[in-house]
1. For the ranges 184-196, 714-726, what's the packing order if you count other beta-carbon atoms within 10 Å of each residue, average per peptide, and put the highest first?
2. Please list 430-437, 477-484 highest first by mean number of surrounding beta-carbon atoms within 10 Å per residue.
3. Of all alpha-carbon pairs in the stretch 809-869, indicate the percentage at a distance above 18 angstrom.
4. Given R₀ = 30 Å, FRET efficiency for residue 169-residue 82 by Cβ-Cβ distance, to 0.05?
5. Fully extended, how many nm does the chain gain between residue 310 and residue 28 (0.36 nm per residue separation, minus their Cα-Cα distance)?
6. Starting from the Cα of residue 40, step 7 Å along the direction of its Cβ; do the same at residue 530; then give the gap between the two resulting points in nm.
7. Taking Rh as the Kirkwood radius, which is the inverse of the mean 1/r over Cα pairs, what is the Rg/Rh value for the stretch 177-247?
8. Using mean Cβ contacts within 10 Å as the protection proxy, how do 517-526, 113-122, 202-211 order, highest first?
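FYI, it's all coordinate maths here, none of it is from the lab. Source: prediction; values computed, not measured. No Cβ is skipped: glycine too gets one built from the backbone with ideal geometry, and neighbour counts run over all protein chains shown.
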Amino acid sequence: MTSQTTRPGAGGRLPALPAEPNPFIGRRRDLAELCRLLPQARAVTLCGPGGIGKTRLAIQVARELAGDHPDGVCFVELADVRAGTSGADAVARRVAAVLGLADELGRAPLEALTRALRHRRALVLLDNCEHLVEECAAVCRALLTGCDRLRILATSREPLRVPGENVWRVPPLPVPDAGADALAETERSEAARLFVARAKAARPGFTVTADNAPALAELCRALDGVPLALELAAARVRVLSLEQLADRLTDRFGLLTAGDRTAPPRQRTLRGAIDWSYELLTEPERILLRRLSVFHGWSLEQAEQVCADDLLPRRTILDLLSALVDKSLVTLEREVAGRNRFRMLNSVREYALQRLAEAGEEERLRRRHRDAVLEALEREAEIVLADRPASWRERVALYRAYEVEQHNLRAALAWSRERGDVAEGLRLCLAARVYWGPRGHYTEAAGWSDWFLERGAQAGSRVLGPALVGRAQLAFDQRDFARAEGCARAGLEHCRAAGDERMVAAGLVVLASLALFEGDRDRALELSDEAVRLLPAGHGGWEAALALFRKGLTQLWRDRLREAEAALREGIALMRGLDQRWGAAVGQALLGTVARARGDLAAARAHFTEALPALRDIDARPLLVRCLIGLGRCALEQGDLAGARRAFGEGLRLGASIGLRIAVARGLEAFADLLEQEGDVEGAVLLAGAAAALREAIGARPGRGTHACRRREELLERSLRRLGEHRLSWLWGQGRAMAVEDAVAYALHGPSDRGREDACGAAPQGAHGAAEETAAEKKREERHAGSRLHDSGELPAAGPGSGALARPPGLLTPREREIARLIARGLSNRGIADELVISPATVARHVANILAKLGFGSRAQIAVWAVGNLPEGDTRAPAGNGTTGR
């Protein structure tokens, strides 16, 4: 089963829980007990041996309880995640991938996941944890600590042993009692009912009679009621009677008693069942079964390519695969991109992998698997990038197929790394960028690419050059500009040596992007023109179009709107000629930006709207967010506030759902402008402050003179006139101190019922402004807060500013600095006491000391000062005597 979620999440409607291949039989009592237990417990782990039915039972529980979890039920399969040096990060990344969260530079995966789930009332189902017990335990511990509304249901062969875990042992299915009426017992027994249901599927007309009921009861008891063993046995009723089945299983289990005495008895029984089923196969069926174990899901065509040879002629694969499906050793799954998919149950796959190694075929088959994945991926990249003719529908199908093929890609990359096949690993990374980039899978892409690039000196310029340019593109998307420049320049050198003009053009586009970001617009235009000249029309259409898009964007920044539009339209025409609608959508979004800069809002809105369908087709979320924000800004400037709210809302939800922080910052800025037009000036300042803090946290602060910077300065100027410097300063500080999740919730839903002060923290004395404070207090707070904003360049010069908020942190003790940070997070004295496990009276005493030392008159001033002067995690003792800060 593939990892999926059910119920709508922050990013929209998500796929359902995995569909099950046949009816769920029995376990009504187990199901009822778990449905009573889970709502009362934060974490439940279903434990038991392989094949006992943990996953099927967990999915049934999740279905039953879906209505109790409005933020969704998330199914995460971990069988193909391998333990390594990354520790819990591997599990955290898999959960994040299932949730659709994008990777980002500078944020630890587990921290990002905890932040994303912090306020969700959701159920996370972690399946097959046994090979990652320590890693899963670390993830569960972090999620349970940081997400108080989250529940975790796990399946594992051993407990995770985390605080609050409830271990629930999955029992075998009840078997018929010996010595009782056999026919009546088989009708009551869940194990017998499961066997009969699967036997009827294998052989229509199969029935239980008084004559064969004793054999059925004996068979169920011999298999210990283990569901997988029962299903494997039931598949053989096509050729064996119940009496023959019972005789063979009894003999097989007798042989296994001399095996591993440390293994649980039922684990030995399951091994015996699979051994027996394997030995009943014909020799060609055995060969195919063990060879298929290199796949993490496959199609018939893939099986034919990897598994066929002189022993297994290609023409025989279809019939052999059909036989394995009939015998329940292979499962037929859903159709993807017009092809049926197949997979093995995990325990069967593990068994088959062992048999593959015993046969001496593992290295050869894993290499063939890797080579097949590489060949397919490079072919698909050529189709996606329009080097091969294809329809848009065919390209979309490749993106959808990638959802199930990504596990095979990871296995191929892992094998290349294990064997030191650097050139093949680099080629895999380069081809995979057509999927990694649009989906925002930056961290995974960077991790694999960097490992191979560090060892790529001998790979040759023809491979190394494009790989370096691809890494430069990725680094630019991650805003890692130093790495982007280094990789682009090195890549250009190799690509020029290899005569690869297309990748030379791609490298020049990266350098042009960097020059534009640094404000060197003339250099950006020079590099873009060079890239365009390298690839005349009809040669390298994809890269040529991207070079034209970069040239158009450069001309836009140069305020040469006519030239910008001409370059963009030329690039769009190239993309449309190739039926590459994703590429055309990139140009359409840029055309929308040009039209908006010209003031033609109707045209801009039309361009953004035209770009959306193709972006939705391939789930290109980062660009989709930008397009929605652009569309919303057009609606806002036209006075269509409802349309703006719809577009901004979808964009912000989508950005938050994948953890794309720059997209969230842009969304908050957009909502700030919307709230101002709706008349909520205070809310606008709050969100603008939250967006500014988020931009600073990720190193994406807008440069002076950019549209984003000008909009923010104009908003603050207008707000200053309406609110006064004191109120503006306080709101700005509170916005900067808001948690990202709170800011997003505020934008989407407004303040809580208890009012804005609860949404963003405590207000200064006289919650509605300075009028209720003394004149001296007002003057002092305006001086302190206003000067901080002016000094940081975040508020235009207006009114007095003496820098009085620049109190050295060394004035405070480590405990006082800790309390100041918690005040900046909006916690009350009671909340701080709970956080630090001290009394509220002690907190009040510390707050009084902080106010006295810093010369402040309100908690709000402490919050503003703390945001600017106390980085998270700074608990160092002050220098000197602890009072001077010297």
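1. On the way: 184-196: 21.3, 714-726: 18.2.
Highest mean packing first, the order is 184-196, 714-726.
2. 430-437, 477-484
3. Numbers: 383 of 1830 pairs.
Here the long-distance tail beyond 18 Å is 21 percent of all Cα pairs in the stretch 809-869.
4. Values: r = 27 Å, r/R0 = 0.89.
Result of the calculation: an efficiency of 0.65.
5. Values: separation 282, 0.36 × 282 = 101.52 nm, distance 4.96 nm.
This chain segment gains 96.6 nm when fully extended.
6. 7.2
7. Numbers: Rg = 10.6 Å, Rh = 11.7 Å.
Looking at the stretch 177-247, the ratio lands at 0.91.
8. Averaged packing, sorted descending, gives the order 113-122, 517-526, 202-211.
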